[in-house]
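Note sheet for the following structure.
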Amino acid sequence: MRNLGKLRIDGERLAARLDALAGIGAIEGGGCCRLALTDADKAGRDQVVEWMRELGLFVRIDAIGNIFGVRAGREDGAPVMTGSHIDTVRTGGRYDGNYGVLAGLEVVRVLNEAEVLTRRPLAVAVFTNEEGARFAPDMMGSLVHAGGLSLAEALAVRGIDGALVGDELARIGYVGDMPVGTIRPHAFVELHIEQGPVLDSEGVTLGAVDSLQGISWQELTIEGQSNHAGTTPLRLRRDAGFVAGAVTLFLRELAQRMGGNQLATVGRIELVPNIINVIAARATMTVDLRNTDAAALAEAERRLAAFTEDLARSEKVEIRSRRLARFDPVVFDTGIARRIEQVAGRLGHSIRRMTSGAGHDAQMMARICLAAMIFTPSVGGLSHNVGEFTRAEDLTAGADVLLHTLVELAEE
Ligand code: GLV
Ligand code: MN
Ligand code: MN
């Protein structure tokens, strides 16, 4: 094959597509709200599918709504796949997920223009509901694709607004006819913004991601009794609001005590009836625990369970726990991580090995094929925030490394 070393991504075209997609579901401050399977998600999907067709990709959609744009190779067989997601959290930025999908399309555009046909086919994937912000678990589409969750179970998931995945998928017209898990790639490489402070604070352009921390999500429901805030002595209260606060405080202290990489977040608390002078009868709260160490993550879960058991007794409330997601830490393929480093070195970009603090579709794809990730810096480490920002030159650098990593993998 002729020398492809000089091929480069057109950063302006990539930025233009990022702008256009960010205009769908745009919210104040430059961010995006495209919760999974909403009208805004449908509009985003329609736009990406249109771009895929313009590029000549063969668009296939599976029964959980994952979208795959496939580009033929010189030979048939397992494709080299890239991609990510385009759903966002309610107050999301414009790069999370979208960057990986649109950079994948730019790779295709560069190869089309240079009339390069790789040995293996290439595929750009858009996975359904990566965020888990509306329907848990997160990484739902890639998890189903990898066989970690049945299609029936996924379709039956009820969201925070009471809607069902199956109903919403049908409503937006994205129940595809391809059975889930059909396309089994040779390798999967996901390009994503870091969403944390490491690269930005160290002044390094890229990350070769070789591992990803474990994630434990649960929802706690605390049942107490509402009563008058002015007349009920403390000893007679069954105060669900107080208990939710105590659990929140415990989790911060737990993470501090355990040290290492333990993290704990309470991102949502809902009180009923939620009135100034009424003791809360019910609290519903989410717990997000993460650790790079599987045993430590399990230990954090055990300590939380022991604490809530004692607390339920002493505060005379009932505490129920419902698991929303549970994924062990993942080790990516070191061969691909090394290749990413070599490509970055050749292109003159600084790069370091790193672990991912966020969950990604690549962690599910790692169950069925060789997988790794490329990170680009998030200015100020900000993400899941409308102020999420990555510099144009870093976006281009990451996409260039993706281009050459995919081409190499597609030739092997
Ligand atoms: C997925 O975006 C996560 O919460 O890490
Ligand atoms: Mn993401
Ligand atoms: Mn995200």
Roughly how many Å² is the accessible area per residue of the chain, as a whole number, for a 1.4 Å probe? 40
With Cα springs under 10 Å, the Gaussian network model of the chain assigns the largest mean-square fluctuation among PRO377, PRO79, PRO197 to PRO197
Ranked highest first by average number of other Cβ atoms within 10 Å, how do 281-294, 333-346, 16-29, 131-144 line up? 131-144, 281-294, 333-346, 16-29
Computed helical MRE - 222 nm, the chain, DSSP H runs ≥ 4 contributing -39500 (n - 2.57), nearest 500: -11000 deg cm²/dmol
What full-extension length gain, to one decimal in nm, is calculated for ALA43 and GLU28 as 0.36 nm per residue of separation minus the Cα-Cα distance? 3.5 nm
Using only Cα atoms, locate the centre of region 268-321 and the centre of region 347-412, then give the distance between them in Å, rounded to an integer. 35
Kirkwood hydrodynamic radius of region 17-93, from inverse mean 1/r over distinct Cα pairs, in Å: 13.7
Over all distinct Cα pairs, what is the inverse of the mean 1/r for region 214-277, reported as the Kirkwood hydrodynamic radius in Å? 13.8
Stokes-Einstein D (µm²/s) once Rh is taken as the Kirkwood radius of region 88-223 over alpha-carbon pairs, at 37 °C in 0.692 mPa s: 185
From the Cα gyration tensor of region 314-373, with a ≥ b ≥ c the square roots of its eigenvalues, which class applies: rounded if a/c is under 1.5, or else prolate if a/b is larger than b/c, or else oblate? prolate
From the backbone phi of region 3-20, what are the Karplus-calculated ³J(HN,Hα) couplings (6.51 cos²θ - 1.76 cosθ + 1.60, θ = phi - 60°) in whole Hz, Gly and Pro given as x? 6, 9, x, 8, 4, 9, 5, 8, x, 5, 5, 4, 5, 5, 5, 4, 4, 5
Based only on the alpha carbon positions, what is the Kirkwood hydrodynamic radius of the chain, in angstrom? 22.2
Kindly state, to the nearest 0.05, the FRET efficiency for ARG302 paired with ALA392, given R0 = 45 Å and r defined as their beta-carbon distance. 0.45
For helix 240-258, report the angle its Cα long axis makes with the longest principal axis of the Cα atoms of the chain; keep it between 0 and 90° and round to the nearest 10°. 50
Modelling each spin label as a point 7 Å along the Cα-to-Cβ direction, I'd like the THR265/LEU117 distance in nm, to one decimal. 4.6
Most fluctuating of VAL126, VAL266, VAL80 in the GNM of the chain (C-alpha, under 10 Å) is VAL266
Where both partners of a DSSP beta bridge lie in the chain, what percent of those bridges are antiparallel, to the nearest 5? 65
What is the percent of Cα-Cα separations in region 285-412 that go past 27 Å? 40
Quick one: which residues, 5 or more positions from ARG326 or on another chain, have an amide H under 5 Å from its amide H? H modelled 1.01 Å from N in the peptide plane, none for Pro or chain starts. TRP217
Protein accessible area in the chain, 1.4 Å probe - carbon and sulfur %: 51
Can you give the relative contact order of the chain as a percent, counting alpha carbon pairs under 8 Å and 6+ residues apart? 24
Amide N of region 362-378 lying under 14 Å from the label point, which is placed 7 angstrom from the Cα of ARG352 along Cα→Cβ: 375-378
Diffing region 167-182: the Karplus 3J(HN,Hα) column from phi (6.51, -1.76, 1.60, θ = phi - 60°), in whole Hz with x for Gly and Pro, holds 5, 5, 4, 5, 4, 8, x, 10, 8, x, 9, 7, x, 5, x, 5
For the chain, modelled as a GNM with alpha-carbon contacts under 10 angstrom, which of ILE64, ILE160, ILE319 fluctuates the most? ILE160
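The values are calculated or read from the model by the stated rules, or taken from the named source; none is laboratory data. Nothing here was measured: the structure is a model prediction, and the numbers come from that model. Reconstructed Cβ throughout: ideal geometry from the backbone, glycine too, with neighbour counts over all protein chains shown. Just so you know, the surface numbers come from the protein's heavy atoms only, side chains and all, with ligands and any DNA or RNA stripped out. Shrake-Rupley method; radii C 1.70, N 1.55, O 1.52, S 1.80 Å.
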